[in-house]
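Asks: Quick one: this structure, given as structure tokens, is what I'll be asking you about.
The values are calculated or read from the model by the stated rules, or taken from the named source; none is laboratory data. Quick caveat, the model's predicted, so the values are computed rather than measured. Counting neighbours? That spans all protein chains shown, and the Cβs are built from the backbone with ideal geometry, glycine included.
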Amino acid sequence: VNLHTLLQTLTDGIAVGSLYALIALGYTLVFGILQFINFAHGDIFALGAWLTYALTVGLLRSAAKFPLLGHPIVLGILVPIGAILLCALVGFCIERFAYKPLRGAPRLNVLITAIGVSLLLENLGQLKWAFGPDPKQVPAFFQDKVLGTLAGVEFHLVDVVVLGIAVLLMIAMQYLIFRTKLGTAMRAVSFNVRTAALMGINVDRIISLTFVIGSALAGAAGFLFSMKYPYLQQTAATVWILLGMKAFVAAVVGGIGNVRGAMLGGLLIGLVEFFGVQYLSSSYRDVYVFLLLILVLLIRPAGLLGKATVEKV
Amino acid sequence: MTPSSSPHAARSTATIFVDPPSIKPPLWTSPLRAAWPFAAVVIFAGLLHLVIVPHMGGYESSLLIDCGIAIIMAVSLTAVNGFTGQFSIGHAGFMSLGGYFAAAIVYYGTYHLFGDFSFQGGLLSSGADQTVNATITAGDLLFVGACIAGAVLAAICGWIVGLPSLRLRGDYLAIVTLGFGEIVRVIIQGTGDQLDTNSDPSVTDVSFFRALPHLGGALGFSGQPVYSTSFWVWLAAGITLVATLRLKYSSYGRSLISIREDDVAAQAVGVNITRLKVRAFVYAAFFAGLGGGLYAMKVGTINASDFGFQKSFDFVIMVVLGGLGSVSGAAIAAILLTILPELLRDPPSLWPTGLIIVGIVAVLILAFAPKRRGPLVTLFAFAVGWEGLVRGVKVLHWFGPHLLGAGHSDSAKALGNFMVGFSLSDYRMVIYSLTLIIMMIVRPKGLFGIGEIWDFLPVRWQWWNRPARAEEGK
């Protein structure tokens, strides 16, 4: 085995795997609390990537009047923050107007609504006055360069930025969920909604906040994704759905509802995908991930870090 | 059952265990009772194909076939998602499997049996432009056999997929079926090029079974002769409907529904839940494969990339919209959701008759069933909503040019341009998804809930429902 290829595959796998982990966090948070697959989550990720495009283009256009806006550092601060805030807002609205009226309805209904929201976001994004029906290239606002080489492997600035921000966000999430009052409330709600409500936790607010946090993470992942792969497919392209699905698989593999499991699963999925593409065959890219899923479900149905629960009557 | 044959008869009063003679029909009628719906289906499909379709345009009859295929898919999925309460979202994967297998058998089989790739069907498989003498030919038999073979293959795959994942509870089936659909797509897209005499004269040397795996890869499989007419499709749709309805009211179906209601309780009363879940899943996969075969021979092309998540979601949406566990509801939702996007594509050509029929039916039933109007009001609101939408667009188109004249500001002109260029077909999927969301919030149980459409008729019309009528007469 060629060491160079191995290391290259490893870095790629970890970089993309950390993105999966970020998206998987959103899935796992929502699943932990509401027990349903939020299909629209993958579309929020796509929205984050496209908002990055729209904001970059918009800011570069207004840089003609205000030259300060075209500065890479200003762009690098405004664009991600704008994309994340807008994604969080969209996540809040989705929860408020689509999922909240269905609180207490059968899970299948919520799932269908989620599919509806997902379709809505995809197709709204394709309209002429939104992002348009064609793939587009995000203008690069900082020059990618090779930071250094190790054993013949080039370390790109983009990879470092992507990985760095993703890891920072994951550490922040870890802190938020396990060290703050809000995180404690979130865990309490996911443990038992009624008991949490009896302890004085405003469950509706916690659910809204969970959606906001998950959507913000998806928005951040979308921003990072558009840094690494600036050529964006139109919002209804299967690529986005597949990316979202793989992130969901990551959450399941790690143990759905388990925050650390989502991070582990994301990295694992990224590595499996890239190693499969590199060493087996590139045409079965998506098959490896789903085969891993089936394998995990057969051996450890609750996921790698999940606890097996006993059903009580 | 006679009293003397019953084991309890010796120690209890014999008359308790005897069915009242007025309800139990005579034994000799049972084959008749089993067969008449299927005979009716054959007659209906035949009449449809030979009498009605010749008067329809090409677009309408093609839509009719699409509706039939959608009914097969949605109704079969009802057995899993509706009766059993499991959540399968890989139905399109089974459709794709069955479709490809059937298409390959018909395509290569036609070549090996008849020497070329041309259409060999009889009257029942022919469109309006073809003239043939025979009613059923060897080509038809090949086509029917291929569709059944595709269905069997899909059922076998359903068994393999269902066995591990149905042991688990919860949403795992959803994820596994989703992954399965994706795996099927990727594997089919990785197959070798399709063989034909133009590109490769050596097709004559390849035996039938060697040729079968050449499924065309990412380009799709095309050129198979077109056999799926409204006859075959509606025959299959009718069989699916009758079989699923009978399943619902059989002891099997009651066991499936008990799993949906409470699987622990079902297990406690002796229902083998894993086995029954797998059987329901295999049943659904079988008909999905059948629908795939019919789809593949409809225009003569099939492409694995059409059978992604979206397609599976479409079928799930039909089931949920119709009402989980309602067979007729799934069929109606299948028809609605097939026609709806087409209506938005080109409103004027299909709309008026459809609206009038829906309106008349809704008004009639509303007039007679004041207490059970839920689903019909929904349908009616649906129709009125669409009509309003179409008229609204007409208003936009009429008013838009008025903003474009001289003397208007730039923003007014931009608005005018938007109004002139507004086309409903751009917003097709947006409206579709919004309808879905609103529907789920307003009527979370779907159109008909667990009931069938005829349960919503006035009780005095339900001639088959003696207990309910007796109740009402009191």
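Asks: Could you check the range B:239-259 and list, in sequence order, the residues that are surrounded by fewer than 23 Cβ atoms within 10 Å (Cβ to Cβ), out of contact with any Leu (no Cβ under 8 Å at 6 or more places or on another chain) and of a type outside the set (A, V, I, L, M)?
Replies: Correct list: B:ARG246, B:LYS248, B:TYR249, B:SER250, B:SER251, B:ARG254, B:SER258.
Asks: How many residues does the range B:99-117 hold that are at pLDDT 80 or above and either assigned to a loop (DSSP other than H, G, I, E, B) or basic (Lys, Arg) (or both)? I'd like the intermediate steps shown before the answer.
Replies: Here is the first cut: in the range B:99-117, the residues at pLDDT 80 or above are B:99-114.
Filter once more, keeping what is either assigned to a loop (DSSP other than H, G, I, E, B) or basic (Lys, Arg) (or both): none.
Total meeting the criteria: 0.
Asks: So which of B:VAL42, B:VAL75, B:VAL18 is in contact with a helix residue (DSSP H, G or I) (Cβ under 9 Å, 6 or more places away or on another chain), surrounded by fewer than 17 Cβ atoms within 10 Å (Cβ to Cβ) and at pLDDT 90 or above? I'd like the intermediate steps shown before the answer.
Replies: Values: B:VAL75 fails: surrounded by fewer than 17 Cβ atoms within 10 Å (Cβ to Cβ); B:VAL18 fails: at pLDDT 90 or above.
Residue meeting the stated conditions: B:VAL42.
Asks: Among (1) modelled with pLDDT under 85; (2) within 14 Å of another protein chain (Cβ to nearest Cβ), there is one condition A:PHE66 misses while meeting the rest; what is its number?
Replies: The single condition A:PHE66 does not satisfy is (2).
Asks: Mind listing just one residue for me: the one in the range A:126-151 that is in a loop (DSSP other than H, G, I, E, B) and touching a strand residue (DSSP E or B) at 6+ places or on another chain (Cβ under 9 Å) and, of those, surrounded by the fewest Cβ atoms within 10 Å (Cβ to Cβ)? Reasoning before the result, please.
Replies: Step one: list which residues in the range A:126-151 are in a loop (DSSP other than H, G, I, E, B), which gives A:126-135, A:138-145, A:151.
Then keep just the ones that are touching a strand residue (DSSP E or B) at 6+ places or on another chain (Cβ under 9 Å); that gives A:131, A:135, A:138, A:144-145.
Numbers: A:PHE131: 21, A:PRO135: 11, A:VAL138: 22, A:ASP144: 14, A:LYS145: 9.
Per the stated criteria, the residue is A:LYS145.
Asks: Moving on. For A:GLN234, work out the one condition from (1) in contact with a Pro (Cβ under 8 Å, 6 or more places away or on another chain); (2) surrounded by fewer than 24 Cβ atoms within 10 Å (Cβ to Cβ); (3) at pLDDT 90 or above it doesn't fulfil.
Replies: Among (1) in contact with a Pro (Cβ under 8 Å, 6 or more places away or on another chain); (2) surrounded by fewer than 24 Cβ atoms within 10 Å (Cβ to Cβ); (3) at pLDDT 90 or above, the lone unmet condition for A:GLN234 is (3).
Asks: Taking the options A:ALA302, A:ALA308, name whichever one is within 12 Å of another protein chain (Cβ to nearest Cβ) and either in contact with a Gly (Cβ under 9 Å, 6 or more places away or on another chain) or modelled with pLDDT of 85 or more (or both). Talk me through it step by step, then tell me what you get.
Replies: Working: A:ALA308 fails: either in contact with a Gly (Cβ under 9 Å, 6 or more places away or on another chain) or modelled with pLDDT of 85 or more (or both).
Sole residue among the options that is within 12 Å of another protein chain (Cβ to nearest Cβ) and either in contact with a Gly (Cβ under 9 Å, 6 or more places away or on another chain) or modelled with pLDDT of 85 or more (or both): A:ALA302.
Asks: Given the condition under 25 Å from B:ASP306 (Cβ atoms), touching an Asp or Glu at 6+ places or on another chain (Cβ under 7 Å) and within 11 Å of chain B (Cβ to nearest Cβ), answer yes or no: does some residue in the range A:248-262 qualify? It would help to see each step written out before you state the result.
Replies: Looking only at the range A:248-262, we keep the residues that are under 25 Å from B:ASP306 (Cβ atoms), and these are A:248-249.
Next, from what is left, pick out any that are touching an Asp or Glu at 6+ places or on another chain (Cβ under 7 Å): none.
Looking through the range A:248-262, none of the residues is under 25 Å from B:ASP306 (Cβ atoms), touching an Asp or Glu at 6+ places or on another chain (Cβ under 7 Å) and within 11 Å of chain B (Cβ to nearest Cβ).
Asks: Same structure, new question: Just to be sure I understand the filter: pairs with C-beta atoms under 6 Å, separated by 6 or more residues or on different chains, first member in the range B:103-122 and under 16 Å from B:ILE148 (Cβ atoms), second member of a type in the set (Phe, Trp, Tyr) and assigned to a helix (DSSP H, G or I). Which pairs pass?
Replies: B:VAL106/B:PHE143
Asks: Could you say whether any residue in the range A:241-260 is touching a helix residue (DSSP H, G or I) at 6+ places or on another chain (Cβ under 7 Å), of a type in the set (Phe, Trp, Tyr) and over 30 Å from A:LEU127 (Cβ atoms)? Spell out the reasoning first.
Replies: So the first thing to find is which residues in the range A:241-260 are touching a helix residue (DSSP H, G or I) at 6+ places or on another chain (Cβ under 7 Å), and the list is A:241-259.
Next, only the ones that are of a type in the set (Phe, Trp, Tyr) stay: A:248.
If we keep only those that are over 30 Å from A:LEU127 (Cβ atoms) as well, we get none.
Scanning the range A:241-260, I find no residue that is touching a helix residue (DSSP H, G or I) at 6+ places or on another chain (Cβ under 7 Å), of a type in the set (Phe, Trp, Tyr) and over 30 Å from A:LEU127 (Cβ atoms), so the answer is no.
Here is a yes/no grid of residues against (1) under 20 Å from A:ALA221 (Cβ atoms); (2) β-branched (Val, Ile, Thr):
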| position | (1), (2) |
| --- | --- |
| A:ASN2 | no, no |
| A:THR11 | yes, yes |
| A:VAL16 | yes, yes |
| A:LEU29 | yes, no |
| A:TRP50 | yes, no |
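Asks: So, one more: Which residues, counting only those in the range B:284-321, are farther than 16 Å from B:SER62 by Cα and of a type in the set (S, T, N, Q)?
Replies: Within the range B:284-321, B:ASN303, B:SER305, B:GLN310, B:SER312 meet the criteria.
Asks: Select, from A:GLY48, A:GLY13, A:GLY32, A:GLY42, the only residue that is farther than 14 Å from A:ILE256 by Cα, within 14 Å of another protein chain (Cβ to nearest Cβ), in a helix (DSSP H, G or I) and in contact (Cβ under 8 Å) with a residue 60 or more places away in the chain. Talk me through it step by step, then tell me what you get.
Replies: Working: A:GLY48 fails: within 14 Å of another protein chain (Cβ to nearest Cβ); A:GLY13 fails: within 14 Å of another protein chain (Cβ to nearest Cβ); A:GLY32 fails: farther than 14 Å from A:ILE256 by Cα.
The match here is A:GLY42.
Asks: Which residue is nearest to the chain's Cα centre (by Cα), if the candidates are limited to the range A:42-56 and must be β-branched (Val, Ile, Thr) and under 12 Å from A:GLY82 (Cβ atoms)?
Replies: Ranking the candidates gives A:THR52 first.
Asks: Separate question: Based on what the data block shows, is B:ARG279 free of Cβ contacts under 8 Å to residues at least 60 places away in the same chain, under 25 Å from B:ALA146 (Cβ atoms), more than 14 Å from chain A (Cβ to nearest Cβ) and part of a helix (DSSP H, G or I)? Give the derivation first.
Replies: Numbers: free of Cβ contacts under 8 Å to residues at least 60 places away in the same chain: yes; under 25 Å from B:ALA146 (Cβ atoms): yes; more than 14 Å from chain A (Cβ to nearest Cβ): yes; part of a helix (DSSP H, G or I): yes.
The answer is yes for B:ARG279.
Asks: Any residue in the range B:252-270 that is within 14 Å of chain A (Cβ to nearest Cβ) sitting within a Cβ distance under 6 Å of a residue that is outside any helix (DSSP H, G or I)? List the pairs, counting only those 6 or more apart or interchain.
Replies: Sorted first by the residue in the range B:252-270, then by its partner, the pairs are B:ARG260/B:GLY85; B:VAL264/A:VAL313.
Asks: So, one more: Checking A:ILE115 against (1) within 8 Å of chain B (Cβ to nearest Cβ); (2) part of a helix (DSSP H, G or I); (3) free of Cβ contacts under 8 Å to residues at least 40 places away in the same chain, which test does it fail?
Replies: (3)
Rundown of residues vs (1) closer than 30 Å to B:GLY325 by Cα; (2) over 23 Å from the mean Cα position of the chain (by Cα); (3) loosely packed, with under 15 Cβ neighbours inside 10 Å, yes/no style:
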site	(1), (2), (3)
A:TYR99	yes, no, no
A:LEU120	yes, no, no
A:LEU124	no, no, no
A:VAL153	no, yes, no
A:VAL158	no, no, no
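Asks: Hey, does the range A:158-165 have a residue that's in contact with a strand residue (DSSP E or B) (Cβ under 9 Å, 6 or more places away or on another chain), without any contact (Cβ under 8 Å) to a residue 40 or more places away in the chain and either away from every other protein chain (no Cβ under 14 Å) or within 30 Å of B:GLY179 (Cβ to Cβ) (or both)?
Replies: Among the residues of the range A:158-165, at least one is in contact with a strand residue (DSSP E or B) (Cβ under 9 Å, 6 or more places away or on another chain), without any contact (Cβ under 8 Å) to a residue 40 or more places away in the chain and either away from every other protein chain (no Cβ under 14 Å) or within 30 Å of B:GLY179 (Cβ to Cβ) (or both), which makes the answer yes.
Asks: I've got another one for you. Return the pair list, or none, for Cβ contacts closer than 8 Å from residues in the range B:220-238 that are farther than 16 Å from B:PHE38 by Cβ to residues that are among the hydrophobic types (A, V, I, L, M, F, W, C) and assigned to a loop (DSSP other than H, G, I, E, B), at least 6 apart or on different chains.
Replies: As it stands, the answer is B:PHE221/B:LEU215; B:GLY223/B:PHE117; B:GLN224/B:PHE117; B:PRO225/B:PHE117; B:PRO225/B:PHE119; B:VAL226/B:PHE119; B:TYR227/B:PHE119, since those pairs meet every condition given.
Asks: Suppose we keep only residues that are part of a loop (DSSP other than H, G, I, E, B), touching a Leu at 6+ places or on another chain (Cβ under 7 Å) and modelled with pLDDT of 85 or more within the range B:174-232. Which one would you say is surrounded by the fewest Cβ atoms within 10 Å (Cβ to Cβ)?
Replies: Checked the range B:174-232; the qualifying residue surrounded by the fewest Cβ atoms within 10 Å (Cβ to Cβ) is B:SER228.
Asks: Please name all residue pairs, on different chains or six or more residues apart, with Cβ atoms under 9 Å, provided the first residue is in the range B:446-474 and is within 26 Å of A:ARG107 (Cα to Cα) and the second residue is basic (Lys, Arg) and at pLDDT 75 or above.
Replies: From residues that are within 26 Å of A:ARG107 (Cα to Cα), the pairs are B:GLY449/B:ARG443; B:GLU452/B:LYS248.
Asks: Are there any pairs, at least 6 apart or on different chains, whose C-beta atoms fall under 8 Å, with the first in the range B:50-75 and in a helix (DSSP H, G or I) and the second surrounded by fewer than 16 Cβ atoms within 10 Å (Cβ to Cβ), and if so, which?
Replies: Qualifying pairs under 8 Å: B:VAL53/B:ALA128; B:PRO54/B:ALA128; B:TYR59/B:SER349; B:LEU64/B:MET56.
Asks: Follow-up. Residue by residue through the range A:218-260, note down the ones that are under 15 Å from A:GLU273 (Cβ atoms) and without any contact (Cβ under 8 Å) to a residue 24 or more places away in the chain.
Replies: Hits for the range A:218-260 are A:TYR229, A:VAL239.
Asks: Considering every residue within the range B:371-380, establish whether at least one is more than 30 Å from B:ALA70 (Cα to Cα) and either within 30 Å of the chain's Cα centre (by Cα) or at pLDDT 65 or above (or both).
Replies: Yes, some residue in the range B:371-380 is more than 30 Å from B:ALA70 (Cα to Cα) and either within 30 Å of the chain's Cα centre (by Cα) or at pLDDT 65 or above (or both).
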